[in-house]
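Q: Sharing a structure here in structure tokens format.
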């Protein structure tokens, strides 16, 4: 697989995107902690500039090729053949944009709600943004690993310092779960490095073939890291705690970007580097995905905490994503990637909305709400849109993604398709029931007299509303970006695996 | 028989250090301001570092070897001295043990370490080890009026004496077997006579492993470490946790790779269980500590376990990773101890983990530094701690010990819990009482050096890695 190095923008745009926020964090470090307004405005300014720069990616992206674009490569640690190598293809480009957009919204939603250690908060958030973009851009396994792990530091602080009452438990749990998974991946990376003749270059690793037995071991080593992040059943238990206890901005970043990295990892590493093992493991992966969809949905029905409910809905929705990816066909995979973006937008928006009302009431209990629609009509309208998108109503983005995934799933295994479809019904159940309990019914005295969304909050939520309909009505605008890369990836997986297809096929027959 | 004067070039740094340490010991009688003595020590050790550059070579008929390997270790010792002196100046004042001998003892201990690193003969090795150990025993008990400090010195001395005995026993056996104490001659003899599974050789290797395990505080020879670390003056704890450990690894590498290089399979079988136990016991017992010095003691035990992986690998890369890790470990560990020392003020011990509660609110700068050191000790990028671990793991996997590395990374993940606990106390809890900090320019400088090193080596490890690889090129 030849990988021409191209960069259609005249400057190292990816480095700029990675290091702008990190430089911004350093700048804030120098600001006196008393000047809180200045700190906020500088963070907002930096995040907006980063977003504007990232828009250049969209306009300059060549949709016709699967090759890496905007690439940069510099020797970094020659002794170990580690390079600073970055680039984007159709699979990763949208995630960079998602990260830059989400960061702006996170800063806006935190404007008044962060009261202590304001300086550290914005430093963490910007540092996190840089690391997130780095994860999606890295074309060197060690560079990737460094960004991947570096994210843990700000995220641990975000949850643990500014989170809810049970924040310390949640932060430690989040950190340890992710770390255990990651270090196992590190061992896998090093094994791969020596086997492939000492290279960490992802593109080079993709071109080689590895013994099947080794692929299987590596697949599970990578699985440890990625499945925890997604999170897949049964390693999802950190997520409800982390999402629930994190401050709004933390929940949004977690839901919108961080957990996407797990699924991204499968796409970027497991599938192309270990095609045979991935192929052989599809029944297991599809099985786990379906369990996540249904189990996550059922648990949502029993939740009494707003954020916890949305957190468990993430488990269910991410089940759709991994299902789509491991159908290993075009519809499923495109749907999976699109659904990652969708989930980022919708769940991000839901957490932002919950944050907005939490700032007013300081309670997350569903029972403390009721009749909010009559008190906050604008808020209710927006939340309804997000609810519909989450359920996957036609004309919203959720529909497109889930439809494609189920289409793909039917092609791979009818049983999985049917079971996944029931997940949508459960989804409609818990989301509509949630909406009913919070927004309709009798007005709870605790919510009477609340002010509706102010201009800042509307500005925060509006981009999400626009994206929901944009993707819902004209998904090709986004699918076009990933098409060439997805086709190429599938080709690699299918041609890269000979004997594995047979075994996987047998198991599939049984499932049918 | 004609007497030929040996070439003194390779041993010049040690000669200079001996003289300067004696001068400082004498100067203490006349100089009332002890900070001046501290400054003199730093200048002296700086001069020794300068001499180091031109000291390459072998002398005294192979008794004394100054090569890249020893030079790298000597640099670690010198950095260790400079940082220790910087964090000591104010601290020993606060502890009311502001005596000049403190500095000359540190220099003598360092002299011992330098001898160990350069030893080409088991007897020279023993001399260096004793010089180092005796000076450190005294340093550990430096707070005369404090019962805990006395206990530390006593325990360290008694158990250290056992270690010395083991070392002598091992040396005697190897002498009986091969008729020499010269390291390269031993190696040649073993290869020549095919002694691969000779029981006497195995026994003497086990004795060497035991003796060196004492020095690097590896399980099951770690018992002295927690008490000695806790009781000793904090600055000495910092010194002990880096210097003697590095010296221990220097001789471990020299003897096992040098003398027993041909029977790597045999001694790997001895060292692997030690490494696993060390990582396990160190990390798991550290989880339940309430005293930060004790916690760092167990953490230091655990780190010895990771570094052992590099030795077990038995390759050049493995040795280079040991050097790299030791240097990085020196910076991050002394950095952490420097923060611990800051909390020690008159009338306040400040060595309980709960004393760190809310530190980020009262002293955000100190808390941020501690945060960086804790993440580095955990091995989270982009700090140097990650690069150290990465290199050790990489060389162990290259040598075919992937399963051992899996054990190591799991323990490493467990260690995150107790390091993060400090961060949690500092950042996620409200301060109980106002903690005052005792700061001084020296301490500030030490913190600046260590934090800069931790971040710069973390982001650009290339220079250190290359240096380490060149240093072990002779092996």
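Any read-out appearing in this document is the output of simple, stated calculations on the displayed coordinates, not a laboratory observation. Source: prediction; values computed, not measured. Reconstructed Cβ throughout: ideal geometry from the backbone, glycine too, with neighbour counts over all protein chains shown.
Q: Normalised by the number of residues in the range B:1-143, what is the relative contact order in percent for Cα pairs under 8 Å and 6+ residues apart?
A: Rounded, it is 28 percent for the range B:1-143.
Q: For B:155, B:32, A:446, which order do you get if you count the other beta carbons within 10 Å of each Cβ and list the fewest first?
A: Listed from fewest to most nearby Cβ atoms, that is B:32, A:446, B:155.
Q: How shielded is A:177-187 by partner chains, expressed as the average number of their Cβ atoms within 10 Å of its Cβ atoms?
A: 6
Q: Testing the spin-label approximation: label points 7 Å from Cα along Cα→Cβ at residue A:213 and residue A:455. State their distance in nm.
A: In this crude label model, residue A:213 to residue A:455 measures out at 6.9 nm.
Q: For the pair residue A:302 and residue B:284, what calculated FRET efficiency results from E = 1/(1 + (r/R0)^6), where r is the Cβ-Cβ distance and R0 = 35 Å, to the nearest 0.05?
A: Efficiency computed from Cβ-Cβ geometry: 0.45.
Q: Let me ask you something else. Helix-only estimate, please: 222 nm mean residue ellipticity of chain B, summing -39500 (n - 2.57) across DSSP H runs of length 4 or more and dividing by its residues, to the nearest 500.
A: -25500 deg cm²/dmol
Q: Moving on. Where does each of B:65, B:236 land when they are ranked from fewest to most other beta-carbon atoms within 10 angstrom?
A: Ranking B:65, B:236 by Cβ neighbours within 10 Å, fewest first, gives B:65, B:236.
Q: Okay, next question. With an 8 Å Cα cut-off and a minimum separation of 6 or more residues, compute the relative contact order for chain B in percent.
A: It comes to 16 percent, rounded to a whole number.
Q: Can you give the average number of partner chain beta-carbon atoms within 10 Å of each beta-carbon in peptide A:69-76, as a whole number?
A: Mean number of neighbouring Cβ atoms from other chains: 1.
Q: For peptide B:393-400, what's the mean number of Cβ atoms from other chains within 10 Å of each residue's Cβ?
A: Across the residues of B:393-400, the mean count of other-chain Cβ atoms within 10 Å is 4.
Q: Defining a contact as two alpha carbons under 8 Å apart and six or more residues distant in sequence, what relative contact order in percent does chain A show?
A: 16
Q: What FRET efficiency, computed as 1/(1 + (r/R0)^6) with R0 = 51 Å and r the Cβ-Cβ distance, is obtained for residue B:432 and residue A:220, rounded to the nearest 0.05?
A: It comes out at approximately 0.65.
Q: Then there's this: How far apart, in nm, are the 7 Å Cα→Cβ label points at residue A:41 and residue A:495?
A: Taking the simple label geometry, residue A:41 and residue A:495 are separated by 5.7 nm.
Q: What order, most packed first, do the peptides B:278-285, B:376-383, A:198-205, A:447-454 have when packing is the mean number of other Cβ atoms within 10 Å of each residue?
A: Peptide ranking by packing, descending: B:376-383, B:278-285, A:198-205, A:447-454.
Q: Rank the residues A:106, A:137, A:300 as a footprinting-exposure proxy: fewest other Cβ atoms within 10 Å of their Cβ go first.
A: With the fewest neighbours first, A:106, A:137, A:300 line up as A:300, A:137, A:106.
Q: I'd like the FRET efficiency for residue B:349 and residue A:19, computed as 1/(1 + (r/R0)^6) with the beta carbon distance as r and R0 of 51 Å, rounded to 0.05.
A: Taking R0 as 51 Å, the efficiency between residue B:349 and residue A:19 is 0.75.
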